[in-house]
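As C-alpha cells, the structure follows; a few thoughts come after it.
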Amino acid sequence: MLPLLCTGWRQPLFMNAIVLGLGNAIRTDDGVGIHAIRKLVGEHHLPPDVHTIEGGTLGLELLPRIKGVSHLLALDAVDAGAAPGTLIRYAGGELANLPTDKSLHLLGFTDLVGTLSLLDATPREVILLGIQPKSTDWGTDLSAEVEARLNGLVEAAWEQVSNWLQTERRGPKTH
C-alpha cells in the first residue's frame with residue numbers, strides 16, 4: 001500500500017483499491033466487465049494506489065490478489081431483469097442481500113466477498129457496477145444496447161474511483 005500524503009496534523013492515509021473486470025469475453029455481453037476495464041485503463045490515468053485486474057471468470061482464484069485491499073470495485077454484466085443496456089449499481093449491504101442470480105458471475109463474486117469477510121479482510125467499501133446484458137451467446141462483440149452504454153459504465157467506474165481518492169485525501173471527518 002502506498003501512503004497518501006496529507007498535510008497538517010492528520011496521519012497518512014492508505015488506500016489500496018482494485019477495479020476488477022469480470023466476465024467471459026467470448027460470450028457477447030457477458031464480457032462487458034472486461035471491455036470496461038480495458039477502456040478505463042486506456043482512457044484514464046489511474047493513480048498508483050488503484051490497481052486493475054482482468055478477473056474474467058476466475059472467482060475464488062482471485063482471493064490472493066484482492067485480500068487486504070481497502071476498496072473493491074467490480075465491473076460485470078448484471079442480470080437485474082431490466083432493459084438491455086441499463087446501468088446497475090449495488091453497494092455495501094445491497095450486495096449481501098443480492099440473490100445469486102443477479103449477476104452472471106455473482107456466485108463467484110459473492111463467494112469472493114464472503115470469503116474476504118471470513119478472513120476478516122473485508123474492504124472498507126465494495127461496489128458492483130454493471131450493465132444489464134441482452135445476450136450471452138457465443139461471440140466477442142457486445143450487443144448494440146450494451147455497447148451504447150459501455151462509456152457510461154466506464155465513466156461511473158472513474159467517478160467512483162475519483163470519489164474514493166477525494167475521500168481518502170480529505171481524511172476522517174471531525175466534529
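Would you call L107 assigned to a helix (DSSP H, G or I), modelled with pLDDT of 80 or more and under 22 Å from T52 (Cα atoms)?
Numbers: assigned to a helix (DSSP H, G or I): yes; modelled with pLDDT of 80 or more: no; under 22 Å from T52 (Cα atoms): yes.
Here the answer is no, as L107 does not meet what is asked.
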Legend entry - Count of residues meeting criterion [surrounded by 17 or more Cβ atoms within 10 Å (Cβ to Cβ), modelled with pLDDT of 90 or more and either in contact with an Asp or Glu (Cβ under 6 Å, 6 or more places away or on another chain) or outside any helix (DSSP H, G or I) (or both)] in segment 59-84: 9
Inset, instruction - Output the residues belonging to segment 119-175 that are surrounded by 15 or more Cβ atoms within 10 Å (Cβ to Cβ), free of Cβ contacts under 8 Å to residues at least 12 places away in the same chain and not hydroxyl-bearing (S, T, Y). - result: E147, E155
Inset, instruction - Mind listing just one residue for me: the one in segment 43-58 that is charged (D, E, K, R) and either out of contact with any helix residue (DSSP H, G or I) (no Cβ under 8 Å at 6 or more places or on another chain) or surrounded by 15 or more Cβ atoms within 10 Å (Cβ to Cβ) (or both) and, of those, modelled with the highest pLDDT? - result: E54
Inset, instruction - Please find, among L95, L118, L87, L112, the residue that is within 16 Å of T57 (Cβ to Cβ) and either hydrophobic (A, V, I, L, M, F, W, C) or at pLDDT below 95 (or both). - result: L112
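Looking at the structure I just gave you, is L40 closer than 17 Å to V161 by Cα, part of a loop (DSSP other than H, G, I, E, B), at pLDDT 90 or above and of a type in the set (A, V, I, L, M)? Steps first, please.
Values: closer than 17 Å to V161 by Cα: yes; part of a loop (DSSP other than H, G, I, E, B): no; at pLDDT 90 or above: yes; of a type in the set (A, V, I, L, M): yes.
Spelling it out, it is not the case that L40 is closer than 17 Å to V161 by Cα, part of a loop (DSSP other than H, G, I, E, B), at pLDDT 90 or above and of a type in the set (A, V, I, L, M).
Which residues, counting only those in segment 85-95, are of a type in the set (S, T, Y) and outside any loop (DSSP other than H, G, I, E, B)?
Taking segment 85-95 as the starting set, the residues that turn out to be of a type in the set (S, T, Y) are 86, 90.
If the condition is that a residue be of a type in the set (S, T, Y) and outside any loop (DSSP other than H, G, I, E, B), then Y90 is the only one that fits.
The values are calculated or read from the model by the stated rules, or taken from the named source; none is laboratory data. The structure displayed is predicted, hence computed values, not measured ones. All Cβ positions, glycine included, derive from the backbone under ideal geometry; neighbour counts span all protein chains shown.
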